[in-house]
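Q: Quick one: structure below, then a few questions.
The values are calculated or read from the model by the stated rules, or taken from the named source; none is laboratory data. Note that the structure is predicted; figures quoted are calculated from it, not measured. Virtual Cβ from ideal backbone geometry, glycine too; neighbours counted across all protein chains shown. Side chains are part of the model used for accessible areas, which takes the heavy atoms of the whole protein and leaves out ligands, DNA and RNA. Shrake-Rupley method; radii C 1.70, N 1.55, O 1.52, S 1.80 Å.
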Amino acid sequence: MRLNLRRLLASASVLAITGGALTALATAGVANAATTPPPFEPDPNAIGSVIFYNAAGQVITSGTDDSFLASFVEASTPDPDTPIGTKAQLFFANPQPNVNSLNWLAAVGSVSSVFPNSSFPGVLGTTPNPVIAMTAANGDADLLNFAAG
């Protein structure tokens, strides 16, 4: 299997941009985030969003554990380079007003995962969308660690 870096980054870009938005919301006040959109939204480079799942494959809609966000993360759209793109990886990005989102400081948030993967729970095992499996033991999905750096 040939891995093309541009295609890998394209399939993961939705995850990176959304990770950046999560970083901003984690540091903003809840009332402020609910009423005033961040200055970097809407992002012309965004190609979708992400959905967080627990280990059982159930959608996570809230929580307080920023040291391990989710067991699985799914992109809301298929990989634009499918069938060539078969790996996904989560990136966290630090949003900066008036800076193109492709130039934000970003860091790896997970190991890469091959998708589709029939061992993933429920619909995550068959979706054409990029899916990442994460474990706390690997230090995956640790937003607190990213924010501290």
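Q: Restricting attention to the range 95-109, which residues are buried (at least 18 other Cβ atoms within 10 Å of the Cβ) and part of a loop (DSSP other than H, G, I, E, B)?
A: Listed by number, the residues that qualify are P95, W104, G109.
Q: Within the range 34-50, can one find any residue that is modelled with pLDDT of 80 or more and closer than 18 Å to D142 by Cα?
A: Yes: one or more hits.
Q: I need the full set of residues from the range 111-139 which are touching a helix residue (DSSP H, G or I) at 6+ places or on another chain (Cβ under 8 Å) and open to solvent by less than 10 Å² (accessible area, probe 1.4 Å), in order please.
A: Correct list: P130, V131, I132.
Q: Turning to a different aspect of this structure: Select from the range 45-77 the residues that are in contact with a Ser or Thr (Cβ under 8 Å, 6 or more places away or on another chain) and not hydrophobic (A, V, I, L, M, F, W, C) and list them in ascending order.
A: N45, G48, S49, Y53, N54, S71, E74, S76
Q: Next up: Taking the stated definitions as given, is S119 of a type in the set (S, T, N, Q), in a loop (DSSP other than H, G, I, E, B) and under 16 Å from the mean Cα position of the chain (by Cα)?
A: no
Q: If you go through the range 123-146, how many residues are in contact (Cβ under 8 Å) with a residue 40 or more places away in the chain, of a type in the set (G, A, S) and more than 24 Å from I47 (Cα to Cα)?
A: 1
Q: Suppose we filter L8, L69 for residues that are open to solvent by less than 70 Å² (accessible area, probe 1.4 Å) and at pLDDT 50 or above; which single one remains?
A: Numbers: L8 fails: at pLDDT 50 or above.
Exactly one of L8, L69 is open to solvent by less than 70 Å² (accessible area, probe 1.4 Å) and at pLDDT 50 or above, namely L69.
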